[in-house]
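Just so it is clear, none of the values below were taken in a lab; they were calculated from the coordinates. On a predicted model such as this, the values are computed, not experimentally measured, just so you know. Cβ: placed from backbone, ideal geometry, glycine included. Neighbour counts: every protein chain shown.
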Amino acid sequence: MVKVDSLTSSNLSFYRTLNHFKRYGEFHSLEEFREYCDWANQQQVELYIVGNGSNTLFAAQSVNSLVLKNKLAKLIKPLPNSRLEVSSSVMITEVLKYCYENSLNSFYYLASVPATIGGALAMNAGRGRNYDVSIYDFIESVTFYSDGQIQTLTGAEIKKGYRETIFTGVHSRLILSAIFQFVPEQFSCDPILERREWAKSHQDNVGPNCGSVFKSACPPILKALQGLKIGKASYSAKTGNWILNRSSDSKGILMLIAIAKFLHLAVGKKALLELITVK
Ligand SMILES: Cc1cc2nc3c(=O)[nH]c(=O)nc-3n(C[C@H](O)[C@H](O)[C@H](O)COP(=O)(O)OP(=O)(O)OC[C@H]3O[C@@H](n4cnc5c(N)ncnc54)[C@H](O)[C@@H]3O)c2cc1C
C-alpha cells in the first residue's frame, strides 16, 4: 500500500519556494503510481507528476494536489544502430554524457537544462522559437501509462506544440521511457561544455529560477519589465523572460507574471505561460 504524507520542502521547484504539500508521495514503480492514481481518484484530488521541478511553480503556499515525485529506476540501455532506451527519471545531462562519450549527435543545446527525460518530453523541451528544434527530433518512440494502459507511440504520433504535449500540466499520464535514435558524429570540442559556457554568458543563474517564464509574449513588453522587482522576486536585468526568486513564497513571482499579463492585455496581446503552475 502506497503512503501519502504531508511534506514541507523547498526542493520540488527550481524557484525554491518553501511549500507545504498536504499530499505528497514518491513512486518507484508503475504499480505504485497506479495505486496513487486510485487514491487520487477516490479522494477526488488532482495529481501532479514532478520530474526535477525546473519548470514547476507552486502557486499556493499550501498545495492541495497530490504531488508525486518520479523515482522510477534509472535506465540507459544501448540498442543496435545508435539507439538508446532511457527511463523517464534519467537526467538530460546523463544522456548527453553518454552521447558525447560514444561520438553520437544529440540535443546538446539542452546541456544547460536541469531536467529529467520525462519532464523534457512532457514539455517538448528545445532550443527556442527561432531554431525549431526539440528533443523529439531524436525520438523513435515514447512509452507511457494512461487510463490504466501502457501505450507506445512514435514521436510523430504524439500531439505537441511549442513547449506543450499531451503530457504537459496537471494530469495522470506518466511517461515511463523513450527510445532515442542518434547518428554518429565526431567532435572537435566538447558540445556539453560549449553549451554551458553559452548559458553562463546568456542566462541568469545567480538566483533560483525556472528558465523562460512565457512561451509566447511580446518581446518589447518583456524588455521593459527587465529589472522590475517585487519583494525578493525580480525580472532578471540580464536575461529577458526570466524571473529570479529569493523569497520563500511565490507571491512575488505571481505578481510579476500578473503585471506582464496585464500589460499584454492593455495592448490587446496575450502572454502564455511556459511555467506549469500547481495549486
Ligand atoms: C536554468 C534553466 C534553463 C532552462 N532552459 C531551457 C531550455 O533551453 N529549453 C527548454 O525547453 N526548457 C528550459 N528550461 C525549462 C525546464 O528545464 C524544462 O521545461 C524541462 O523540460 C522540465 O523538466 P523537469 O524534469 O524539471 O520537469 P518538471 O518541472 O518537474 O515538470 C514539467 C512538466 O512535465 C511533466 N512531467 C515531468 N515528468 C513527467 C513524466 N515522467 N511523465 C509525464 N509528465 C511528466 C510535469 O507534470 C509538468 O507538467 C530551463 C530551466 C532552467 C531552470
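Taking the number of other C-beta atoms within 10 Å as the exposure measure, put Ile175, Ile166 in order starting with the fewest.
Working: Ile175 28, Ile166 16.
Fewest-to-most Cβ neighbours within 10 Å comes out as Ile166, Ile175.
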Note: Gln226 to Thr277 extended length (0.36 nm per residue) minus current alpha-carbon separation gives 16.2 nm
Expressed in angstrom and ordered largest first, the alpha-carbon extents of region 76-181 along the principal axes are 39, 33, 23
HN-Hα couplings for region 12-29 via Karplus (6.51, -1.76, 1.60; θ = phi - 60°), in whole Hz with x for Gly/Pro, come out as 9, 10, 6, 6, 6, 6, 8, 10, 9, 9, 5, 9, 9, x, 10, 10, 10, 8
Cα-Cα longer than 24 Å, checked against Lys200/Lys229; Lys22/Lys71; Lys71/Lys97; Lys69/Lys270; Lys159/Lys200, kept in input order, equals Lys69/Lys270; Lys159/Lys200
Percent antiparallel among DSSP beta bridges confined to the chain, nearest 5, equals 75
Ile76 neighbourhood, Cβ < 13 Å, K/R = +1, D/E = -1, net charge +1
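Sort Ser112, Ser88, Ser250 so the one with the fewest other Cβ atoms within 10 Å of its own Cβ comes first. Spell out each step's value before the answer.
Values: Ser112 19, Ser88 26, Ser250 22.
Ascending number of Cβ neighbours within 10 Å: Ser112, Ser250, Ser88.
Nothing charged except the Cβ atoms of Lys and Arg (+1) and of Asp and Glu (-1): what's the magnitude of the dipole of region 76-181 about its Cα centre? Round to the nearest 20 debye.
Working: 9 positive and 9 negative charges, 36 e Å.
The dipole of region 76-181 has a size of about 180 debye.
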Rounded to one decimal in nm, the spacing of the 7 Å Cα→Cβ label points at Lys270 and Ser146 is 2.3
The farthest towards the positive end of the charge dipole of the chain, of the residues Phe27, Gly231, Ile135, given +1 on Cβ of Lys and Arg and -1 on Cβ of Asp and Glu, is Gly231
About its Cα centre, the chain carries a charge dipole, from +1 on Lys and Arg Cβ atoms and -1 on Asp and Glu Cβ atoms, whose size in debye to the nearest 20 is 1160
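What number, rounded to the nearest 500 deg cm²/dmol, is the helix-based mean residue ellipticity at 222 nm of the chain, given -39500 (n - 2.57) per DSSP H run of at least four residues and division by all its residues?
Numbers: 6 runs with 66 residues, N = 279.
The helix-only estimate for the chain comes to -7000 deg cm²/dmol at 222 nm.
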Pseudo-spin-label distance Thr93 to Ser248, built 7 Å along Cα→Cβ, given in nm, is 2.8
In whole angstrom, largest first, the equivalent ellipsoid semi-axes that the Cα gyration tensor gives for the chain are 29, 26, 16
Put in order of increasing Cβ neighbours within 10 Å, starting from the fewest, Val183, Val50 give Val183, Val50
Rounded to the nearest 0.05, FRET efficiency between Ala237 and Lys200 (Cβ-Cβ, R0 25 Å) equals 0.95
